[in-house]
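What follows is a single structure, written as structure tokens, with notes after it.
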Amino acid sequence: MKSPLLSLPGAVPAEGADEGVAAHYGDLFREQRTLADGSGFVDLSHRGVVTVTGPDRLSWLHLLLTQHVSDLPPGLATEALILSAHGHIEHALYLVDDGETVWAHVEPGTQDALIAYLESMKFFYQVEVADRTAEFAVVHLPAGSIAEVPEGVAVRETPYGRDLFLPRAELESYAEKAGPPAGILAYEALRVEQHRPRLGFETDHRTIPHELGWIGSAVHLQKGCYRGQETVARVQNLGKPPRRLVFLHLDGSEVHLPTPGTELRLADDEPDGRKIGTITTSVRHHELGPVALALVKRNVPLDARLLAGDTAAAQEVVVEP
């Protein structure tokens, strides 16, 4: 769904998973600094919006999600995953309950598969699941923002800012008074700095929550059964995940960033040495320079010198080995 804000001055369309919104509006680093200072907004209107209503909505979702939501207070933001039977991550939901409706935003294009799964699990529960993407647009206000939130709009308040479920028809008028726009590249740069994983970027078909540090924030270890729980419990109690998320400082003298999918190797090995990890997201940060998130094998030494393709990289721990 193409955002009307692509008509704003300087807007350059994003590509790939974030197609439909602006990559930037002409000055990537200025946009990052604006967000870091608590000003401006990010157009996330390409993300899917799903709602669940009905008296059983929280108790029903509690059975399906990795998060404890049966007693979720109105207005309290949380995030949750849906796992496969083998414990691999299939969906990530960023949700809030307003007292009558659970609002969730999800990765662009994933809402259809998510809704199909939820519909298949309704049984006798009094719930209604709906795709509201055509009606509502997600807008992100950074932490510290004093921008006005329209009355009646559902809001997810997090340490990183507020996510608004804004009526899509009001997106352009809201943008006029919400401050300078920042593109998705600025938003992504701050996400990488904050070590926050993203479905489809830091995940593949075999990713489990422990690898990305999603235990606690998206996976509750003391709740009842849900699909994939056996894997979560087994890794938590008996072992370690095979991979771990790391934050990488990249050699700033290189002109090009290593792209997602670039193989990581130990710098002390031969050029064709064994692969020990993969770049998942790489960005240019306004203060830190070129940085990235990556998945590496759990036993890679913390002080190991790494190469991302031909680019030197030093790791910072996100998930403990």
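For the stretch 221-247, enumerate the residues that are open to solvent by 70 Å² or more (accessible area, probe 1.4 Å) and either touching a residue at least 24 places away in the same chain (Cβ under 8 Å) or not aliphatic (A, V, I, L, M) (or both).
Once the filter is applied, which keeps residues that are open to solvent by 70 Å² or more (accessible area, probe 1.4 Å) and either touching a residue at least 24 places away in the same chain (Cβ under 8 Å) or not aliphatic (A, V, I, L, M) (or both), the stretch 221-247 yields Gln222, Cys225, Arg227, Glu230, Arg234, Gln236, Asn237, Lys240, Pro242.
Checking the condition free of Cβ contacts under 8 Å to residues at least 60 places away in the same chain and within 21 Å of the chain's Cα centre (by Cα), which residue from Pro301, Pro290 passes?
When all the criteria are applied, what remains is Pro290.
Does the stretch 180-190 include one or more residues that are of a type in the set (D, E, K, R) and farther than 17 Å from His91 by Cβ?
Yes.
Would you please name the residue that is farthest from the chain's Cα centre (by Cα), looking only at residues in the stretch 2-31 that are crowded, with 16+ Cβ neighbours inside 10 Å and in a loop (DSSP other than H, G, I, E, B)?
Leu8
Would you check if there is a residue in the stretch 75-96 being of a type in the set (A, V, I, L, M, F, W, C), under 19 Å from the mean Cα position of the chain (by Cα), assigned to a loop (DSSP other than H, G, I, E, B) and surrounded by fewer than 16 Cβ atoms within 10 Å (Cβ to Cβ)?
yes
Those residues that are open to solvent by 40 Å² or more (accessible area, probe 1.4 Å) and either in contact (Cβ under 8 Å) with a residue 24 or more places away in the chain or touching a Pro at 6+ places or on another chain (Cβ under 7 Å) (or both), I need them from the stretch 270-285; list them, please.
Scanning the stretch 270-285 gives a single hit, Arg284.
Any chance you could count how many residues in the stretch 97-132 are within 19 Å of the chain's Cα centre (by Cα) and of a type in the set (Phe, Trp, Tyr)?
Qualifying residue count for the region: 1.
Could you check how many residues of the stretch 208-220 are modelled with pLDDT of 95 or more and either of a type in the set (A, V, I, L, M, F, W, C) or surrounded by fewer than 23 Cβ atoms within 10 Å (Cβ to Cβ) (or both)?
9
Of everything in the stretch 115-141, what is in contact with a Gly (Cβ under 8 Å, 6 or more places away or on another chain), surrounded by 17 or more Cβ atoms within 10 Å (Cβ to Cβ) and not in a strand (DSSP E or B)? Give them in sequence order.
Scanning the stretch 115-141 gives Val127, Thr133.
Residues Ala189, Ala169: which one is more than 26 Å from Gly228 (Cβ to Cβ), open to solvent by less than 60 Å² (accessible area, probe 1.4 Å), of a type in the set (Gly, Ala, Ser) and not in a loop (DSSP other than H, G, I, E, B)?
The conditions single out Ala189.
Could you pull out every one of the strands (runs of 3 or more DSSP E) wholly within the stretch 199-302 that has 2 or more residues that are among the basic types (Lys, Arg) and farther than 30 Å from Asp27 by Cα?
Counting at least 2 such residues, we get 243-250.
The values are calculated or read from the model by the stated rules, or taken from the named source; none is laboratory data. None of these values were measured; they are calculated from a predicted model. Note that we place each Cβ from the backbone using ideal geometry, even for glycine, and neighbour counts take in every protein chain shown. Note: accessible area is taken over every heavy atom of the protein model, side chains too, but ligands, DNA and RNA are not part of it. Shrake-Rupley method; radii C 1.70, N 1.55, O 1.52, S 1.80 Å.
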